[in-house]
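In what follows, a single structure is set out as structure tokens and then discussed.
The values are calculated or read from the model by the stated rules, or taken from the named source; none is laboratory data. It should be emphasised that the depicted structure is a prediction, and the values quoted were computed from it without experimental measurement. Positions of Cβ are backbone-derived with ideal geometry, glycine not excepted, and every protein chain shown enters the neighbour counts.
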Amino acid sequence: MPYLKKNLKSQPLAKKWDIKAQKCGLRHTVYSVSGDEYRGEWLDNKKHGKGTQIWIKDGAIYNGDWKFGKCDGYGTYSKRLPETNEYERQYCGEWKNGKKHGYGTYFYSNSSVYEGEWSEGKRSGRGRMHYDDGNIYEGEWMKDKQNGQGMIQYANNNRYEGSWKNGVKNGNGKFYYTDKGQLYEGIWVDGVAKCGTLIDFGRDEASAPPKYSVPKVHLVDTQLVLMETQSAHHK
């Protein structure tokens, strides 16, 4: 019986070169087929340690820690501005498995800034958000939305302190109208105040107090009314 020699499929030349390179330890700039560049440390042919990656097509650059080929540790991610062709820092902080994770600061294109905790690339935990309109939120986040206990200070110095869910006011909260010298305390549902009490608060220091003060509540049991209303909204 004749012996048939098996036809071995030859490997692509680029793969042969890559195998021969055996990237491990500190290397000079390595260019990919797409034109992207990486300069830094390697381990078992993967980016590992300190290094800088430049993505030509995306106009982005990452400088920091790597672990088995992914951003992991502490690093800075910047984007190239089309007008000046210069890089502008976008995120500076901790990473895990290629995503923002831990504590870090993110600079938005509209001058808004978030500083706080992240989980798998999204704002989660405690953090502070400075909005471009002058509002400031500080409190708890979950999956990029205000969730839990938090306070928002508006540009006109009015503020809300209380519960949040899915990015809007939900639950018990207090709204301070510092310009009017009034305080509203009650229940919020999907960002709308449903039931509560309004009293004068710091009226003498207010910049634009109403002509007349808030009349006193004459209910026999104010707290009981609030509790019953709250129970109805939570059903």
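When you check SER163 against the structure, is it surrounded by fewer than 18 Cβ atoms within 10 Å (Cβ to Cβ), under 27 Å from LYS100 (Cβ atoms) and either modelled with pLDDT of 90 or more or assigned by TED's automatic domain parsing to the domain that holds HIS101 (or both), yes or no? Considered against the rule, which asks whether it is surrounded by fewer than 18 Cβ atoms within 10 Å (Cβ to Cβ), under 27 Å from LYS100 (Cβ atoms) and either modelled with pLDDT of 90 or more or assigned by TED's automatic domain parsing to the domain that holds HIS101 (or both), SER163 comes out as no.
Among the residues of segment 35-63, those identified as polar (S, T, N, Q) and at pLDDT 95 or above are THR52, GLN53, ASN63.
For segment 33-48, does any single residue satisfy the condition of being of a type in the set (Ser, Thr, Tyr) and surrounded by fewer than 14 Cβ atoms within 10 Å (Cβ to Cβ)? Taking every residue of segment 33-48 in turn, at least one turns out to be of a type in the set (Ser, Thr, Tyr) and surrounded by fewer than 14 Cβ atoms within 10 Å (Cβ to Cβ). Scanning segment 77-98 for residues that are assigned to a strand (DSSP E or B), more than 17 Å from SER119 (Cβ to Cβ) and acidic (Asp, Glu) yields one hit, GLU88.
Can you spot a residue in segment 121-131 that is surrounded by 16 or more Cβ atoms within 10 Å (Cβ to Cβ) and touching a residue at least 24 places away in the same chain (Cβ under 8 Å)? So far as segment 121-131 goes, no, none of its residues is surrounded by 16 or more Cβ atoms within 10 Å (Cβ to Cβ) and touching a residue at least 24 places away in the same chain (Cβ under 8 Å).
For segment 92-116, enumerate the residues that are closer than 20 Å to GLU161 by Cα and crowded, with 20+ Cβ neighbours inside 10 Å. TYR114, GLY116, listed by residue number. Of the candidates TYR74, TYR106, TYR137, the single residue that is more than 24 Å from GLY171 (Cβ to Cβ) and more than 10 Å from the chain's Cα centre (by Cα) is TYR74. Within segment 71-84, the residues that satisfy the criterion of being of a type outside the set (Ser, Thr, Tyr) and over 14 Å from TRP55 (Cα atoms) are ASP72, GLY73, GLY75, PRO82, GLU83.
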